[in-house]
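Heads up, the thing below is written out as structure tokens.
The values are calculated or read from the model by the stated rules, or taken from the named source; none is laboratory data. All values derive from a computational prediction rather than experimental measurement. For neighbour counting, all protein chains shown are included, and Cβ atoms are generated from backbone atoms with ideal geometry for every residue, glycine included.
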Amino acid sequence: MNTDAAAAASADRRGSLLNLEAVVVAFGGLQALGGVDLQVWKGDRLALLGPNGAGKTTLFNVIAGDVKPTSGRVTIKGIDCTELPARFRPRLGVARTYQKTRLFRGLTVEDNLYLAQTGRSGRHLALLRSGVDAEFRERARAMAETVWLADVIGVTAGDLSHGQQRQLEIGMALVTGPEFVMLDEPASGLSRGERERLVQLLLSLDPDITLLLIEHDMDVALRAAQRVMVMNEGETVASGTPDEIRVDPLVHAIYLGSEAGLRGADP
Amino acid sequence: MSPTGAAPGRAQSRRTLRRLLSARNVVVAAATALALLLPLFGSNFFVEFVMTRTMILGIAAATIVFLAAYGGMVSLAQYLLAGVAGFMVGNAVVAQDAWSKGLKLGWNPWVAVLFALAVTTAVAFVLGALASRTTGIYFLMITLTYAVIGYYVFGSITPLSGFGGITGIDPPGLFEDHPQRMYLALVVLSVLVYVAFRVLAVTPFGLALQGIRDDPVRMASLGFNVSLHRTLAFTLAGFTAGLAGVFNVWWNGQIDPTSISIGPTLDLLIVAVIGGTLSLEGAWLGAFVFVAANNYLRNLPLVDHIGITEARFNTIVGVLVLLIMILSPDGLAGIIDRIRLGLRRLVHLSRGSGAGPAEAAAGSKP
Ligand SMILES: Nc1ncnc2c1ncn2[C@@H]1O[C@H](COP(=O)(O)OP(=O)(O)OP(=O)(O)O)[C@@H](O)[C@H]1O
Ligand SMILES: [Mg+2]
């Protein structure tokens, strides 16, 4: 505990939020991540690029605690989280979205956004409603507005359109008031106009919020991020500013075959 | 949408009132009133036999529906838990000098009830904790295993189950020789259980349970302790099944291991399926159909040619369940719901209004 606290203090001084050291994930014989190192600073806006199967989502899963790494170390705010189950992440201010939406399909938009907040507070075992709940409800409604769902706030999530479900997915991550948000392909399946709205939303986030973004849409990724990391076959192959990445020959080589897929409508 | 100009407080209370006066609530209230008045005009057999049994099975089946509809867990252990309560009552109340078996503690019947409910709740907590990491078919299998093991445990620990059962279990004086009172108490208890489960659905606890039903992975990543939540829901359902078990043993006057074997366990699941595992009122509806079929249908012409009595009943119920499953996976409650929506659409059509589909899309909610 003591060493944890000391580590946390020193990490804070450096402003380091997330630290991955030689993270390896193997699914049977398939190595999805082959020793990834990554450091994310407070307030970072980092985009993760790479072709299908590069291991981007697996990296998210490791950070979020949904997948335990085969080897390596995950440190969040100076606390070793390698073995910590997913449900302890929200207390560290971590929130994520899923590539394939994970909503409470039988509950309304408002209840989805409400529930997203109660887990962290410990209120979920309560049988009575209280003032805190009113606050959560208020915030849920405000978030519905933010992610353009105010007019469908009473609709069950399962009945929403695909685009609306993606918006709710993002809302559920943001409504927790996170310090560190991970968005897994938030723009996939959105129309051009919706993508533009999304970029504006991401740019309007509190600058203190740290953002890790997986995005196949280069335009969205390079506009929303200040730093880019490119992965291929479970390894980091390039990293730099959006401008550097735009002209990086290696990135072009990796993307050349699938350029059309990257820019076009991704499934 | 909301009436403009009205004070927000009044608009709010009017909205609350309108919500309370939904068609569903009105029907349930009417059914409750009918059930409470039944002793005034129903035959003794119908009240003390058919309807009393309906209420007991209804409460027990409601715990299955509660777990299935809100928690996504189909439990086969509910009849076992009712049986645990029954055995505890039996062991506790039978007097030392009575001509019966079991522990014969000779306690006050109300103390026995508290004891039985405490034991049942504790057992449910342990069983729930052990099953809380599984879902779907695995949860079903684990709870089926509980039911089978429970049967053998009571069968082999004879001091507890008194070789072949405990007999002469008397209800408390309040109900002894007053079957109508017992029936009325069961109606009141049914209403309490029904209301409690429905209110629970909108509490933070109930909403989180439904979140776990829809996506446990998301819930964990939002900071919820999913298995603890499942365990607590299972414990609550176990306690409620215990209540049904207490009345069951009072009503039967005896209990033996066979009465918690796989047969009655599956019967209770059938009750829940007939009514519809997604709707709470379906539990009592299913119980009524089941008990009525058990008591009346076997003497029907044609049916009376099928084998012996038990086979007759099983055949009828089997066909019934098959029909309902084919017609409506949501059981009778689902069928009623569809008829209601169909009627509403007809009304809309005859009024020439095109605003039908939106309402029709809002399907049945638990
Ligand atoms: N749970 C799992 N079990 C087995 N293999 C998996 C699992 N999750 C991911 N993989 C495999 O690991 C590799 C990396 O997958 P991952 O989902 O991380 O890729 P990705 O970069 O997110 O790709 P995409 O752009 O298609 O989302 C793939 O080959 C995938 O098939
Ligand atoms: Mg992915």
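Observations on the model:
- Within the stretch A:104-127, considering residues that are hydrophobic (A, V, I, L, M, F, W, C) and more than 7 Å from chain B (Cβ to nearest Cβ), the one farthest from A:Thr57 (Cα to Cα): A:Val109
- Selection within the stretch B:198-208 - part of a helix (DSSP H, G or I), under 13 Å from A:Tyr114 (Cα atoms) and more than 7 Å from chain A (Cβ to nearest Cβ): B:Gly206
- Residue ID - nearest to ligand 1 (Cβ to nearest atom), chosen from residues in the stretch A:26-42 that are over 15 Å from A:Arg227 (Cα atoms) and surrounded by 15 or more Cβ atoms within 10 Å (Cβ to Cβ): A:Ala32
- Of the strands (runs of 3 or more DSSP E) lying entirely inside the stretch A:43-161, those containing at least 1 residues that are within 16 Å of ligand 1 (Cβ to nearest atom) and touching a Lys or Arg at 6+ places or on another chain (Cβ under 7 Å) span A:45-49.
- Hey, A:Leu190 away from chain B (no Cβ under 14 Å) and either surrounded by 22 or more Cβ atoms within 10 Å (Cβ to Cβ) or under 16 Å from the mean Cα position of the chain (by Cα) (or both) or not: no
- Looking at A:Ala95, A:Ala26, just one residue is more than 13 Å from ligand 2 (Cβ to nearest atom), of a type in the set (A, V, I, L, M, F, W, C) and within 14 Å of another protein chain (Cβ to nearest Cβ), and that residue is A:Ala95.
- B:Ala185 being among the small types (Gly, Ala, Ser) and within 14 Å of chain A (Cβ to nearest Cβ): no
- Residue in the stretch B:107-115 that is outside any helix (DSSP H, G or I), among the aliphatic types (A, V, I, L, M) and touching a residue at least 40 places away in the same chain (Cβ under 8 Å) present: no
- Residue match in the stretch B:44-61 (condition: outside any helix (DSSP H, G or I) and either within 30 Å of B:Thr145 (Cα to Cα) or among the small types (Gly, Ala, Ser) (or both)): no
- Qualifying residues in the stretch A:217-267 (those that are among the charged types (D, E, K, R) and assigned to a loop (DSSP other than H, G, I, E, B)) - the one modelled with the highest pLDDT: A:Glu233
- Residue in the stretch A:68-79 that is of a type in the set (Lys, Arg), away from ligand 2 (no atom under 16 Å from the Cβ), closer than 17 Å to A:Leu20 by Cα and crowded, with 23+ Cβ neighbours inside 10 Å present: no
- Figure legend. Inter-residue proximity from the stretch B:202-218: first residues over 18 Å from A:Thr97 (Cα atoms), second residues part of a helix (DSSP H, G or I) and among the polar types (S, T, N, Q), beta-carbon distance below 7 Å, spacing 6+ or different chains. Indicated pairs: B:Pro204/A:Thr118; B:Ala208/A:Thr118.
- Taken as a whole, the condition of being more than 25 Å from B:Ala208 (Cβ to Cβ) and buried (at least 23 other Cβ atoms within 10 Å of the Cβ) applies to B:Met88.
- Some residue of the stretch B:163-181 being more than 14 Å from every other protein chain (Cβ to nearest Cβ), touching a Phe, Trp or Tyr at 6+ places or on another chain (Cβ under 6 Å) and crowded, with 21+ Cβ neighbours inside 10 Å: yes
- Unique match (being touching a residue at least 40 places away in the same chain (Cβ under 8 Å) and on the phi < 0 side of the Ramachandran plot) among A:Arg120, A:Arg141: A:Arg120
- Given (1) at pLDDT below 90; (2) closer than 26 Å to B:Ile56 by Cα, number of the condition B:Ile157 does not satisfy: (2)
- Looking across the stretch A:166-187, the residues that are out of contact with any strand residue (DSSP E or B) (no Cβ under 6 Å at 6 or more places or on another chain), away from ligand 1 (no atom under 16 Å from the Cβ) and either farther than 24 Å from A:Leu107 by Cβ or within 14 Å of another protein chain (Cβ to nearest Cβ) (or both) come down to A:Leu168, A:Ile170, A:Gly171, A:Met172, A:Leu174, A:Val175, A:Gly177, A:Glu179.
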